[in-house]
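This report refers to the structure that appears directly beneath it.
The values are calculated or read from the model by the stated rules, or taken from the named source; none is laboratory data. Owing to the predicted nature of the structure, the values given are computational and were not obtained by experimental measurement. Reconstructed Cβ throughout: ideal geometry from the backbone, glycine too, with neighbour counts over all protein chains shown.
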There are 2 protein chains.
Amino acid sequence: MQQSNRAGGAGARGRVLVVDDDPTVAEVVAGYLDRAGYVVDRADDGPGALTRAAAHWPDLVVLDLMLPGMDGLEVCRRMRGHGPVPVIMLTARGDEDDRILGLEVGADDYVTKPFSPRELVLRVESVLRRARPEAGTRMLSAAGLTVDPAARRATKNGTELALTIREFDLLAFFLRNQGRAYGREDLMREVWGWDFGDLSTVTVHVRRLRGKVEDDPARPRLIQTVWGVGYRFETDAGEED
Amino acid sequence: MQQSNRAGGAGARGRVLVVDDDPTVAEVVAGYLDRAGYVVDRADDGPGALTRAAAHWPDLVVLDLMLPGMDGLEVCRRMRGHGPVPVIMLTARGDEDDRILGLEVGADDYVTKPFSPRELVLRVESVLRRARPEAGTRMLSAAGLTVDPAARRATKNGTELALTIREFDLLAFFLRNQGRAYGREDLMREVWGWDFGDLSTVTVHVRRLRGKVEDDPARPRLIQTVWGVGYRFETDAGEED
DNA sequence: CTCCGACGTCCGCGTTTCGTAAGGAGCGAA
DNA sequence: TTCGCTCCTTACGAAACGCGGACGTCGGAG
């Protein structure tokens, strides 16, 4: 890797490819993004952009619409042909058509010239936040599992899990309260919101959840049974066979 | 209530902090801005500016680059340390370097001396307008969809969509809040503005919107159903069949 | 006035999910 | 080992849910 990585606490926030033929603009933008904690790559024309992208696939592209040789739209199109990548377009002020065209081609946002670098950085962060569910909202994660309460999605090693409501809530509760053992009554109260009911309901749902979450549902590692007590979500403390 | 607040019907259009060591300039600028309907705060040096800003955080700062004691750039930098605020720089004529420097620090615009107060006011309005894009007048897009809230137009892959009012608002809301799951009650509140009502209304409108927006309405990819919860607009980045 | 689009409501239908029951397996103690 | 209790697994009926189609109303355009 190259330079930067400011101590801002964010670490490497992502790789951004800046494509602009105006050295001044490129310099300013790159400087800003660098100071904001991004690893910045630069290109001054279409082919160059594609080459850089091939070498180091960026997390986001800041793309000037007016480019010598290859149109910015064309660059965007080709980039998209290689893989999904967020794009922010730099367009001339007041050129509504260009903006719409850019968005239709697949740009995720646009900034009109002249622009303030501050605004650009804000948009970069906004787009990245939107494109990467891993960051941003208060997400729960442990042992390859991720649970996004806002989006109501859960993944296991990157692949999405098809959980029902109860399963989702149950998993979310476990992730929020790791390492502690909970009786069936507790779970029934916390997850179901009931003060009484058939406790076997909990048992069955735990089993169903295990079937979707555990690598080997027959020998659960995440949702462990605490004999005579209930269950406990353990973030893979130690391996035992 | 404090001073000014012109009766122009617009009320307080925003608070502007004018920082200039030349009393004449400051007086003229402040006068014009006040007459334009802004609440104007003044400071004649860097520390003073920071103090005023701390007392009443401005919506915009008009900042002289040449300041006794603390450099205008430094003031801008420190201001930015406290929070994001648009800045218009006053620079000496023809000083290209200063302009670049100003932009690097994060100025949103610059005006070269000598300037006409009228122009400054115009720029203030322009920057403020630009700095508040979240107010709903910004273009939205995702997955080949384009929504222009200002023009009330929406396109899909370049072709215009014939959306009704409700459908448009619904789509706009989804585009503004991608990746999150919303219950029918939430949508009813956010899009319809109702606190109660038949939730099937939401269901039906989602279906109608799907019919116009989805490639295969029977198998929606954009507006996904979150079973038992509601709906979620997903950009669907990276998923292939 | 009539026609037409938009909107809200309602009603079946197919599907998914839930809760419960019942039998079998596992665990610990005597 | 055997016994007693707990947990697992499976199955199934019922309820909940979402979907599509259709209807009646309202208001604006012709």
**OP:** Identify, by number, the condition in (1) surrounded by 15 or more Cβ atoms within 10 Å (Cβ to Cβ); (2) within 16 Å of DNA strand D (Cβ to nearest atom) that residue A:228 doesn't meet.
**Re:** (1)
Subject >> From the options B:186, B:215, residue that is more than 11 Å from DNA strand D (Cβ to nearest atom) and within 14 Å of another protein chain (Cβ to nearest Cβ) >> reply: B:186
Original post:
Within the range A:140-160, which residues are in a loop (DSSP other than H, G, I, E, B) and in contact (Cβ under 8 Å) with a residue 40 or more places away in the chain?
Top reply: A:143
**OP:** Working only within the range A:21-40, note down all residues that are crowded, with 21+ Cβ neighbours inside 10 Å and away from chain B (no Cβ under 14 Å).
**Re:** A:38, A:40
Original post:
Are any of the residues in the range A:126-135 of a type in the set (D, E, K, R), modelled with pLDDT under 95 and assigned to a helix (DSSP H, G or I)?
Top reply: yes
Original post:
Among the residues of the range B:52-77 satisfying the criterion of being part of a loop (DSSP other than H, G, I, E, B) and charged (D, E, K, R), which is surrounded by the fewest Cβ atoms within 10 Å (Cβ to Cβ)?
Top reply: B:71
Subject >> Subset of the range A:187-212 [within 10 Å of DNA strand C (Cβ to nearest atom), surrounded by 17 or more Cβ atoms within 10 Å (Cβ to Cβ) and β-branched (Val, Ile, Thr)] >> reply: A:191, A:202
**OP:** Return only the number of the condition from (1) under 24 Å from residue A:97 (Cβ atoms); (2) within 21 Å of the chain's Cα centre (by Cα); (3) charged (D, E, K, R) that residue A:59 does not satisfy.
**Re:** (1)
Subject >> Checking residue A:163 against (1) surrounded by fewer than 20 Cβ atoms within 10 Å (Cβ to Cβ); (2) at pLDDT 85 or above; (3) not in a helix (DSSP H, G or I), the condition it does not meet >> reply: (1)
**OP:** Looking only at the range A:213-230, decide whether some residue is of a type in the set (D, E, K, R), within 13 Å of DNA strand C (Cβ to nearest atom) and either at positive phi or free of Cβ contacts under 8 Å to residues at least 24 places away in the same chain (or both).
**Re:** yes
